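Take a look at the structure below.
The values are calculated or read from the model by the stated rules, or taken from the named source; none is laboratory data. What you see is a predicted model; the values in this text were computed from it and never measured. Methodologically, a virtual Cβ is constructed for each residue, glycine included, from the backbone with ideal geometry; neighbour enumeration extends over all protein chains shown.
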Amino acid sequence: MNKTVFFLGKGGVGKTTLSSAFALSLASMGKKVLIASLDPAHNLGDALDIQLTGQAKNAEPNLDALEVDLAYWVDKYLDDSRRQLKSNYSYNVTLNLDSFFNILKYAPGTEEYAVLWAIEDINTRLGPLYDVVVFDTPPTALSLRFLSLPTISGLWVKELSKLRETILSKRQTITRLNPESPVAESCVDKDDDKVYGQLKGIGARLRGLEHLFACESFLSVIVNPDQLSIDEALRIQDELTKLGIPLSAVCINKQGVSDMVWEQNPSLARYPQFTYDFSRGGISTREDLLSIDTGPLADLFLKNTQNPIIERKKK
Amino acid sequence: MPSKLEHWIRSAIKMITQVNREKATGILEFETHELENIFALLVLGGFAGLPSPPSPIAVELLPYMEKELLMLLSRTDLAQDPIGVLASMLEVG
């Protein structure tokens, strides 16, 4: 079922505002909704005027909210690996590798992976408890990186698995021809090889996330009536097309913020468009959020839910 | 009870068979070690600045790669003379 929603766009276009308004709108329709902020600089709690943590907290009848704690996910992941390493390795090797783990926290890609693990956890652990899960994403750069990671990392895992299979098959041949060879003491079977098993496990998780993004998600890009946010939305559209992730809607936020003559880009105009006027008084309370009419967008989403992307693709 | 001669012949045949087996698998073993080394370099090369998968994948595989990691370190000793290793393998010179 298509029940996951992502709001993407340039920083400051109104992702948090519209995703909160959308979640509130669905909750008022009687859907059980979870809204989760993936932005390391969270402001979902500010928008909903409630103190949020990494645990889902009730914000409104039918609406729970959380702010993903990326530092927690990075630490948890590194601690799990460190513990596993200590139980498998001999003492002196563990001692030498310990310093690596201390710097890995800051290695490139770790934060993007932490976002993926958080999405996976929310989708598998919390997803079944809700009708809809709405993700308020970080600005474009980080969002595109975590959306593309399953595909890119999947390629690495596929190639490494192939190489591992070759190694195991050669070990098998050697063991058959010469049972006294030192190679015979190594693992020769795919089912027993822990590295191969681990690669298979990582591959399955990445494929699951790839499927979630490409076939089970409703992605909406938010733009403002200005060229910069449109240009960025076009880049998002390009990247998503390359990754095989379909875009479902375009939201034009802050319409009327200036008198400048503005025209939607034809490439973005082919998606369903939803317009939201600029609020001169600002959005400061939950009532202000409720006053944003995201009903038509919610209707499109619910229509999509009944006719998921995967089925539309098959047709 | 087998005679001393029979025992000697059996041992000799066993030894010849084993030598032939070693010869038959020697190059394959060398190739396998090279592939294992390449695998370790691909996964863990990021730590030394080589192109590698995203470091979190390497970290997930690391706990199961002690043997490969030690081999990678020992291979650095042979890195100065790879042709020599290959020549001795092929019994050249």
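One residue stands out among those in the range A:61-84 that are modelled with pLDDT of 90 or more and among the charged types (D, E, K, R): the one that is farthest from A:GLY9 (Cα to Cα), which is A:ASP64. Selection within the range B:44-58: residues that are within 7 Å of chain A (Cβ to nearest Cβ) and part of a helix (DSSP H, G or I). The member of this set that is modelled with the lowest pLDDT is B:PHE47.
List the pairs whose first member sits in the range A:121-144 and is farther than 17 Å from A:GLU67 by Cα, whose second member is surrounded by fewer than 20 Cβ atoms within 10 Å (Cβ to Cβ) and acidic (Asp, Glu), and whose Cβ atoms are under 8 Å apart, counting only residues at least 6 apart or on separate chains? The qualifying pairs are A:LEU144/A:GLU239. Scanning the range B:19-33 for residues that are more than 7 Å from chain A (Cβ to nearest Cβ) and either free of Cβ contacts under 8 Å to residues at least 60 places away in the same chain or in contact with a Ser or Thr (Cβ under 6 Å, 6 or more places away or on another chain) (or both) gives B:VAL19, B:ASN20, B:LYS23, B:PHE30, B:HIS33. Please verify whether the range A:149-171 includes one or more residues that are surrounded by fewer than 19 Cβ atoms within 10 Å (Cβ to Cβ), at the interface with chain B (Cβ under 8 Å from one of its Cβ atoms) and small (Gly, Ala, Ser). No, there is no match, as no residue in the range A:149-171 is surrounded by fewer than 19 Cβ atoms within 10 Å (Cβ to Cβ), at the interface with chain B (Cβ under 8 Å from one of its Cβ atoms) and small (Gly, Ala, Ser).
Can we say B:GLU36 is surrounded by fewer than 17 Cβ atoms within 10 Å (Cβ to Cβ), under 23 Å from the mean Cα position of the chain (by Cα) and facing chain A (nearest Cβ under 7 Å)? Before the answer, list the steps.
On the way: surrounded by fewer than 17 Cβ atoms within 10 Å (Cβ to Cβ): no; under 23 Å from the mean Cα position of the chain (by Cα): yes; facing chain A (nearest Cβ under 7 Å): yes.
Judged against the criteria, B:GLU36 is not a match.
Among the residues of the range A:187-199, are any within 25 Å of the chain's Cα centre (by Cα) and crowded, with 20+ Cβ neighbours inside 10 Å? Write out each step before concluding.
Residues of the range A:187-199 within 25 Å of the chain's Cα centre (by Cα): A:197-199.
Imposing the further condition that a residue be crowded, with 20+ Cβ neighbours inside 10 Å reduces the set to A:198-199.
Yes, the range A:187-199 contains a residue that is within 25 Å of the chain's Cα centre (by Cα) and crowded, with 20+ Cβ neighbours inside 10 Å.
Every residue, every condition in (1) among the hydrophobic types (A, V, I, L, M, F, W, C); (2) assigned to a loop (DSSP other than H, G, I, E, B); (3) modelled with pLDDT under 80, yes or no:
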| site | (1), (2), (3) |
| --- | --- |
| A:SER258 | no, yes, yes |
| A:VAL261 | yes, yes, yes |
| A:THR275 | no, no, no |
| A:GLY282 | no, yes, yes |
| A:ASP293 | no, yes, no |
| A:LYS303 | no, no, no |
| A:ILE310 | yes, no, yes |
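Taken over the range A:151-195, the criterion of being part of a helix (DSSP H, G or I), small (Gly, Ala, Ser) and under 17 Å from B:LEU35 (Cβ atoms) is satisfied by A:SER161, A:SER169, A:ALA184.
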